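Down below is the structure, laid out as C-alpha cells.
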Amino acid sequence: MDSRGGKITVALVVACVLLGGGYVVYAALGPSQTTTDASPTAGEASGVPVMVRAVDPAKPTLNGRVFVVEDGKVVRRLPDLACERVYYAAGRGICMGVAASGVDYDATVFDSESRKLNEITLLGLPSRARVSADGRYGAMTVFVNGDSYLSSPTAFSTRTTLLEMKNGEQLGQLEQFTVTKDGEPFDAVDFNFWGVTFSPTDSNTFYATLATGDHHYLVEGDIEARSLRVLRDGVECPSLSPDGRQIAFKSRIGEENRWHVHVLDVATLKDQPVAEQRSVDDQVEWLDDQTLVYSDGTNVYTVPADGSGEEQLLIKDATSPVRLEAGSGA
Amino acid sequence: MYQVEASKALLKPRLWARQSSRLRVPRNVIMLGAVSLLTDVSSEMVATVLPMYLIFSLGASPLVFGAIDGTYRGAAALVQVVSGFTSDRWRRHKEVAGIGYGLSALGKVAMVTAGNTIGGVGAIVAVDRVGKGIRTAPRDALISLSSAKDKLATSFGVHRAMDSVGAMLGPLVAFGILFLAPARFDAVFVVSTLFAVLGLAVLILNVEARPQRAPSEGAPPRLRAALSLVKERSFAPLLIAAAGLSVASVSDALIYVGLQRTIDFDPAVFPLLYVMTAISFMALAIPVGQLADRVGKVPVLLAGQALLFLVYGVLLMSSVGYLALAVCLVALGGYFAATEGVMTALAGAVLPEELQASGIGILITVVSLGRLVSSLAFGALWFAIGLQSAVLIFAACLALALALSAPLLFRAQRLAVDG
C-alpha cells in the first residue's frame, strides 16, 4: 500500500490520542456531581417520624442525603449517607444509589449509627429497597442494564436480591427460587421479580411481584424453603400494612406504564382504589394501619387507605419515605 | 548511522513478511480487522454507558431504555441484503462499507452535539444500527475477495478475533474514562467519536478497493442473478444448512439466563460470563480458522456446532460447579469461533466473485431470522414444559440439524472446490 496513506493514518492516530486525552483531562478537572446537598421541607405534621431521601428537583437522579422528619419539622440529617432509595427498620438500613465513581450503582447496609456494615455493587439501577420489621432480612430490586455483550431476551429486566441484615451479606436472588402456581411448578424465560415486602410478624415470609408475559402476579415467598407461590394477578410492588392484614399495591391502568394505588385485603384478596387520582410509581409505605405514604418522584404524600379523603403533601423535595417506630434511634 | 537506518529498514519488512507468511493473512484483511476493531471500541463504549447515560443524565425510565434497546437491534435487519446487492452491482464494496462506517461515525458526532434528549438518542442509535447493517455484507465480501480460496477461514478468523478485541476494549475504555472523570458521559462520547473517525480513516486510507479476487470488469450483475442465488446448486444447500443449524442453536443470551437459574453463585460474577466467553472466542478464532483451511471448513463447522451439546449438557445438570461452568463458557466461545466466521468463509468459497456481497447479505439475514425463530421457540418451550425439557428438545433438534446439514454442507464444499 502507498506509504502516504500510512503516514496520514499515523498522523491521525497521534492527533486523536492528543485530542481524546486532552478532553478526558479537561473533563476530569471539570465539575462532576453524583450527590446533591438539597434538603427536604416538611409539610403537614404527622405523629409518626418518617425517614426520607432528599431530592434536588432540577437533578432528580443525583444521590440525596437522608433525613428524619417528625411533627412537621426536619429533625436530623444522617451523616455520611447519600442515595436514591433508602429503607430502615430495627437498627438496620439499606441505601441504594450512584457509586462515588459515577460508573455504576452500589448499596450501603448501615446500622442505627449510620455506620457502614457492608457495601454491595449493584448490577443495575436502584428500584426498591425493604428491610423486615425485625431487621433480620433485607431485599433490593434493581433494573438490570443490558450487557454490551448480549442482546437481552426481554425489553427490560429486574433482579431482586435478599440480604442478611446483620452483616449485609447476600442470600440469593428470587430468580433462583422455585415457583408454583395452582400447586404446579411454574417457570418461564421472562420471569422478573420486584417489590419485596416482609411479613411484620414472621420475616421468613414475604410478598413480591412476579412478572411474566402480560401478567403481574402477587407471590408469597418463603426464604428458608427458597420457594414462591402465586396468589393472584394484577399486583405490583406490594406493601404490607403494620398489622399484616392489608397490602397496598400499584394496579396497572391498561397497557401503559401508569398505575393507581389500590389496597387489598390479605384474607379475601379483594382490592379497592384509594383517593389519589394521579399515577404513582412507588412501592407505597404505611404510616399506620389506616394511612398510606408514598412519593411521586419529587414530593411525599399521604392518603387514607380505605379510599376516603384525598392526598395531602407530607414532605416537599423528598422520596423513599420510611415509617420509623417512635424512639427507634434512627 | 546510515547503516543502522538501513538495517532497520531491512529488518522491518522482513519481520512483517515472516509474520504474515506464517499466518498468511493478506494486508487488506488486517486493515479491515483494524477498521472493525476501532469501530467496535467506539460502538461498545457508547453501548456500555448508554443505559446509565439515559437514566442518570437524561432521567429516562428503564422502560424507555427497553424501547430504545429494541430499536437498537431491529434496525439492521433488511438493510443487509440491499447493501450487499448494491455493492456488487456498483462494484463498490469499499465505498458502500464506507457509507456504513461513516453513518456510525456521524451517529457518534451526533451523540456529542445532539444526544441530550431521549428521542435524539433513540434516532442516533437507529442510525448506528442501519450503518452496521449497511457495512457488514460488503465488508465480508472484501475480506473474502482479498483472500485466496484456501485461506478464507483463516482470514475470517483473524478479522473476527480483531473485531472481538475491539468489543472487549470498548467497555474498558469507557469505564476508564468514567473512573477518571466521574459521570462525564460527554468525555466518553468524544473519545468514542475519535475511535469511529479513526476506523473510517483506516478504511479510506489503507483498504485496497480492488483486491486480488475482485471480479474483472464486465456487465454489472443483475438483481435477478442475486435473487436466484437462493436456488443456486452450491449456495442453496449451504443456506438450508445455515438456517437449520441456527434454529437448533439456543442464543447465547438465553444460555446465560439459563445458567443464572441453574447456578448458585455470587450475582457479581454474572457479567464475567460474557467476558469469559468473549476471551475464549478471541483466543480460538484464529487457530480454528487455520484448522478449517487445513482440514476443511465443513468438519470444523460441524464440530463447532457439536460443542453446543456440551453447553446444553451443563444446562441439564442439576448443580453446576465452577469447573463445569468454565467448560461451558470455553465451549460456547469455541462454538462461536468455529461457526459464524467459518460459515461466512464457506459462503465466500462457494459464491461467484461478482455476487459475494449479495450472497453473504442473504446468508446473514437467513441466520438472523433462524436465531429469531430459535429464541421465540425456546422461550415458548421453556414456559410450556420447563427449562430442562426445552434444552432436551433443542439438543434433539441440533442432532437432527447436524445430521441433515452435514451432507448439504459437504456437497456445497465439493462444488466450491470443483467450480
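The values are calculated or read from the model by the stated rules, or taken from the named source; none is laboratory data. All figures in this text were calculated on a predicted structure; none of them were measured in a lab. Because the Cβ atoms are built from the backbone with ideal geometry, glycine has one as well, and the counts that use them run over all protein chains shown. Heads up: the accessible areas ignore ligands, DNA and RNA and are worked out on the full protein's heavy atoms, side chains in. Shrake-Rupley method; radii C 1.70, N 1.55, O 1.52, S 1.80 Å.
When only alpha-carbon atoms count, how far does segment B:225-289 stretch along each of its three principal axes, as whole angstroms with the largest first?
54, 28, 16
I'd like the FRET efficiency for B:Ala114 and A:His215, computed as 1/(1 + (r/R0)^6) with the beta carbon distance as r and R0 of 45 Å, rounded to 0.05.
About 0.70, to the nearest 0.05.
Name the shape class, rounded, prolate or oblate, that the alpha-carbon gyration tensor gives for segment A:245-320, where a ≥ b ≥ c are the square roots of its eigenvalues, rounded holds for a/c under 1.5, and otherwise prolate holds if a/b is larger than b/c and oblate otherwise.
Oblate, since a/c reaches 1.5 and b/c is not below a/b.
Rounded to the nearest whole Å³, what is the per residue volume of the convex hull around the Cα atoms of chain B?
168
Where does segment A:1-153 land on Rg/Rh, using Cα atoms and the Kirkwood Rh?
1.20
Let me know the Rg and Dmax you get for segment A:154-260 when you use only its Cα atoms, in Å.
When restricted to the Cα atoms of segment A:154-260, Rg and Dmax are 13.7, 42 Å.
Could I have the simple spin-label model distance between A:Lys59 and A:Lys270, label points 7 Å from Cα toward Cβ, reported in nm to one decimal?
A separation of 5.1 nm, rounded to one decimal place.
Shape call for segment B:254-310 from the C-alpha gyration tensor, a ≥ b ≥ c root eigenvalues: rounded (a/c under 1.5), prolate (a/b greater than b/c) or oblate?
Oblate, since a/c reaches 1.5 and b/c is not below a/b.
Give me the percent of DSSP beta bridges within chain A that run antiparallel, rounded to the nearest 5.
95
For segment A:155-190, state which residues have at least 30 Å² less accessible area in the presence of all protein chains than in their chain by itself, taking the probe as 1.4 Å and leaving out ligands, DNA and RNA.
In segment A:155-190, residues shielded by partner chains: A:Ala155, A:Phe156, A:Arg159, A:Gln170, A:Gln173, A:Glu175, A:Gln176, A:Asp187, A:Ala188, A:Val189.
Using only alpha carbons, build the gyration tensor for segment A:86-146 and give me the equivalent ellipsoid semi-axes, biggest first, whole Å.
21, 13, 7
Quick check: Cα centre of segment A:1-53 to Cα centre of segment B:112-175, how many Å?
25
Assuming a ≥ b ≥ c are the square roots of the Cα gyration tensor eigenvalues, decide whether segment A:277-330 counts as rounded (a/c under 1.5), prolate (otherwise, with a/b larger than b/c) or oblate.
Here segment A:277-330 falls in the oblate category.
Over all directions, how big on average is the projection of the convex hull of the alpha-carbon atoms in segment B:320-399, in square nanometres?
6.5
Stokes-Einstein at 25 °C, 0.890 mPa s, Kirkwood radius from Cα pairs: D for segment B:171-298 in µm² s⁻¹?
The Stokes-Einstein estimate is 119 µm²/s.
How far apart, in nm, are two points set 7 Å out from the Cα along the Cα-to-Cβ line at A:Ala326 and at A:Val10?
So the label points at A:Ala326 and A:Val10 sit 8.1 nm apart.
Using only Cα atoms and rounding to the nearest 10 degrees, what angle (0 to 90) does helix A:3-29 make with the longest principal axis of chain A?
Helix A:3-29 and the main axis of chain A meet at about 40 degrees.
Give me the percent of accessible area attributable to carbon and sulfur for the protein assembly as shown, probe 1.4 angstrom.
Taking all protein chains in place, the protein assembly as shown shows 60 percent carbon and sulfur surface.
Identify unpaired cysteines across chain A, taking unpaired to mean no other cysteine Cβ lies under 4.7 Å from the residue's Cβ.
A:Cys16, A:Cys237
Based on the Kirkwood radius over alpha-carbon pairs, what value in µm²/s does the Stokes-Einstein equation return for the translational diffusion coefficient of segment B:252-399 at 25 °C and 0.890 mPa s?
Result for D is 149 µm²/s.
Counting only protein heavy atoms and rolling a 1.4 Å probe, how much accessible area do B and A lose on contact, total for both sides, in Å² to 100?
Buried area (both sides, nearest 100 Å²): 5000 Å².
When ligands, DNA and RNA are left out and all protein chains stay put, how many square angstrom of accessible area per residue does the protein assembly as shown have with a 1.4 Å probe?
Ligands and nucleic acids excluded, the figure is 41 Å² per residue.
Starting from the Cα coordinates of the protein assembly as shown, work out the convex hull volume and express it per residue in Å³.
Cα convex hull per residue, to the nearest whole number: 169 Å³.
Working only with C-alpha atoms, what are the Rg and Dmax values of segment A:47-117, expressed in angstrom?
For segment A:47-117, the Cα-based Rg and Dmax read 12.3, 40 Å.
Of B:Lys94/B:Lys231; B:Lys132/B:Lys231; B:Lys151/B:Lys297; A:Lys73/A:Lys250; A:Lys250/A:Lys270, which pairs sit farther than 18 Å apart, going by alpha carbon to alpha carbon?
B:Lys94/B:Lys231; B:Lys132/B:Lys231; A:Lys73/A:Lys250, as the Cα separations exceed 18 Å there.
Let me know the Kirkwood hydrodynamic radius for segment B:91-167, please, with Cα pairs as the basis and the value in Å to one decimal.
After inverting the mean inverse Cα-Cα distance, the result is 13.8 Å.
Out of A:Tyr88, A:Tyr26, A:Tyr301, any idea which swings most in a Gaussian network model of chain A, alpha carbons joined below 10 Å?
Maximum fluctuation in the GNM of chain A, among the listed residues, is at A:Tyr26.
Order A:Ser39, B:Ser155, most accessible first, counting only protein heavy atoms with a 1.4 angstrom probe.
Per-residue accessible area, sorted high to low, gives A:Ser39, B:Ser155.
Mind ranking A:Thr180, A:Thr36 by accessible surface for me, highest first, 1.4 Å probe?
Sorted by accessible area, descending: A:Thr180, A:Thr36.
Whole-Hz Karplus ³J(HN,Hα) for segment B:331-344, in order, using 6.51 cos²θ - 1.76 cosθ + 1.60 and θ = phi - 60°, x for Gly and Pro?
Karplus values, whole Hz, x for Gly and Pro: 4, 5, x, x, 4, 4, 4, 9, 10, 4, x, 5, 4, 5.
Indicate the residues belonging to segment A:1-48 that lose 40 Å² or more of solvent-accessible heavy-atom surface (probe 1.4 Å) upon moving from the chain alone to the assembly of all protein chains, ignoring ligands and nucleic acids.
Residues passing the criterion (a loss of at least 40 Å², heavy atoms only) are A:Met1, A:Thr9, A:Leu12, A:Cys16, A:Tyr23, A:Val24, A:Ala27, A:Ser32.
Using 0.36 nm per residue, how much length does the chain from A:Lys316 to A:Ile253 gain when fully extended, once their Cα-Cα distance is taken away?
Separation in residues times 0.36 nm, less the Cα-Cα distance, equals 20.0 nm.
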